[in-house]
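As C-alpha cells, the structure follows; a few thoughts come after it.
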Amino acid sequence: MKSIVENFDLFAPKLVDKEEYYSSGHRACQGCGEALAIRLMAKALGKDTVVTNATGCMEVTATPYPTTAWKLPWVHVAFPNSASVGAGVESALRVLRRKGKIADRYIKVVSIGGDGGSFDIGFQAISGAMERGHDMIYIVYDNEAYMNTGIQRSGATPFGASTTTAPAGKESVGNKNWKKNMAEIMVAHRVPYVATATHSHPIDFMNKVKKARKVNGPAFIHCLAVCPTGWRSSSETCIKLGRLAVETGVFPLYEVENGKYKFSPDNPPKLRPLEDYLKPQGRFRHLTPDQINIFRDMAMIEYNKVLERVKHSKSWSELK
Ligand SMILES: Cc1ncc(C[n+]2csc(CCOP(=O)(O)OP(=O)(O)O)c2C)c(N)n1
C-alpha cells in the first residue's frame, strides 16, 4: 500500500505556483530577505499547510491586528515553542487522518522561527520535535541576530559582526564567537532531510522545501535571510548579499539526505574573495585585515568540513 506521502504527487511538473499564500502589503522592511523567503516557502508548500510561527520580525510585520499577510492556516506562538506547537498540530492531524476525517488530504505542518527563536530560545523544542520524529518541517530564517527587538547578538551571529549587545569599539571586535552549526546539530539528530538555503537561490530553496514536504518524518532547513536593517546594508543588495554569502564560502548550500551530504545546486562555486561579502555590510565595517583573516579562517574550517563530508559521507543504508 502506498504511504500517505506517495499518494500525493508533490513534484508535479509545474514551475512556480502563481498563487500567493503570503501576500504583499505586510510591513517588513524594504529588501527584507526573510519576507521574500517566506513567500517562496509558501508557494512551494501550497495550500494544504499549517504554519506555526515563533514571535519575531515575521510575526510582527505580517499580522498587525486586525490584518494578516498569511493565506495559510497560521498559528502565532510564543518565542520558544514554534516546534512544540507544530508537533502538537501534527499529532492532531494524525488522529484526524486515522479517523478518516481528512483522508483525502496530506496536510503538512511547517514550524518557522528566526535565529533567536531557533538557535537559542526555541532550541530545546526543535531538538525534541526532530528527535521524536514528527512528520513536520522546521525552517529557521537566519538573519543572524535578534532583529525584531533591535539587533541583539544570537547564537547565529557571525564573528566580528557589530550588534547592539556586542558593539564594535576600541576594545571590542563586535561579536566574538562563530555561529552555531545548526544543520550539523540536526544531522546529529538523525533527521532524514537537512538542507541549507537562501532566498537568493529561489528555485533551489523551493525545491528543498518541496523535498522536505515529501519526507514522511522530520525535515530541517536552515535558510540564510539577509536583513538590510541589521546588516547595515542597502536594501537593493538583498539578493546580491545572499549570493555572495554562498560564493565566498561563508554559507555553503548543501543537502543531507539520510546522512549523505551533497552540494546543491550542483557543484560548489569557485570561491570569491571574502571581502566581496563583508565590504557592503556596515556591521563588518570596523574589521581590520587581521580580523578579516580570523573570519576567513573560521569560515574555511566550516566550509572544508562540508567539503570533506560531501566526499566521504555515506547514507544510512550504505552503512548497514
Ligand atoms: C520569552 C520571550 N523573550 C523575549 C521576547 C521578546 N522578543 C520578541 S521577538 C524577539 C527577537 C526575535 O529574534 P529572532 O528570533 O532572531 O527573529 P527576527 O526578529 O530576527 O526575525 C524578542 C527578543 C519574547 N517575545 N518572549
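The values are calculated or read from the model by the stated rules, or taken from the named source; none is laboratory data. Because the structure is predicted, anything quoted here is derived from the model rather than measured. Here the Cβ positions follow ideal geometry from the backbone for every residue, glycine too, while neighbour counts run over all protein chains shown.
Values for this structure:
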quantity: Sole residue being within 18 Å of Tyr138 (Cα to Cα) and polar (S, T, N, Q), chosen from Asn267, Asn216; calculated: Asn216
quantity: Selection status of Ala195, crowded, with 22+ Cβ neighbours inside 10 Å, within 16 Å of the ligand (Cβ to nearest atom), under 29 Å from Phe263 (Cα atoms) and of a type outside the set (S, T, N, Q); calculated: no
quantity: Selection within the stretch 130-154 - more than 10 Å from the ligand (Cβ to nearest atom), under 27 Å from Thr63 (Cα atoms), within 17 Å of the chain's Cα centre (by Cα) and not hydroxyl-bearing (Ser, Thr, Tyr); calculated: Met136, Ile137, Ile139
quantity: Residue match in the stretch 34-45 (condition: acidic (Asp, Glu), more than 14 Å from the ligand (Cβ to nearest atom) and touching a residue at least 40 places away in the same chain (Cβ under 8 Å)); calculated: no
quantity: First in the stretch 65-88 and without any contact (Cβ under 8 Å) to a residue 24 or more places away in the chain and closer than 20 Å to Phe220 by Cβ, second anywhere and among the polar types (S, T, N, Q) and away from the ligand (no atom under 13 Å from the Cβ), Cβ under 9 Å, 6 or more apart; calculated: Gly88/Thr52
quantity: Boolean, Gly86 is touching a Cys at 6+ places or on another chain (Cβ under 7 Å) and under 21 Å from Arg39 (Cβ atoms); calculated: no
quantity: Residue in the stretch 140-161 that is more than 24 Å from Ile221 (Cα to Cα) and buried (at least 16 other Cβ atoms within 10 Å of the Cβ) present; calculated: yes
quantity: Residue in the stretch 189-228 that is nearest to the chain's Cα centre (by Cα), counting only those that are within 19 Å of Tyr277 (Cα to Cα) and part of a loop (DSSP other than H, G, I, E, B); calculated: Ala225
quantity: Some residue of the stretch 93-101 being under 21 Å from Arg190 (Cβ atoms), more than 18 Å from the chain's Cα centre (by Cα) and either of a type in the set (D, E, K, R) or within 16 Å of the ligand (Cβ to nearest atom) (or both); calculated: yes
quantity: Residues of the stretch 269-285 classified as part of a loop (DSSP other than H, G, I, E, B), buried (at least 17 other Cβ atoms within 10 Å of the Cβ) and in contact (Cβ under 8 Å) with a residue 40 or more places away in the chain, total; calculated: 2
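Listed here are the residues, each with its yes/no results for (1) within 21 Å of Cys227 (Cα to Cα); (2) surrounded by 17 or more Cβ atoms within 10 Å (Cβ to Cβ); (3) at pLDDT 95 or above.
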position	(1), (2), (3)
Ser3	no, no, no
Ala12	no, no, no
His76	no, yes, yes
Ser91	no, no, yes
Val109	no, yes, yes
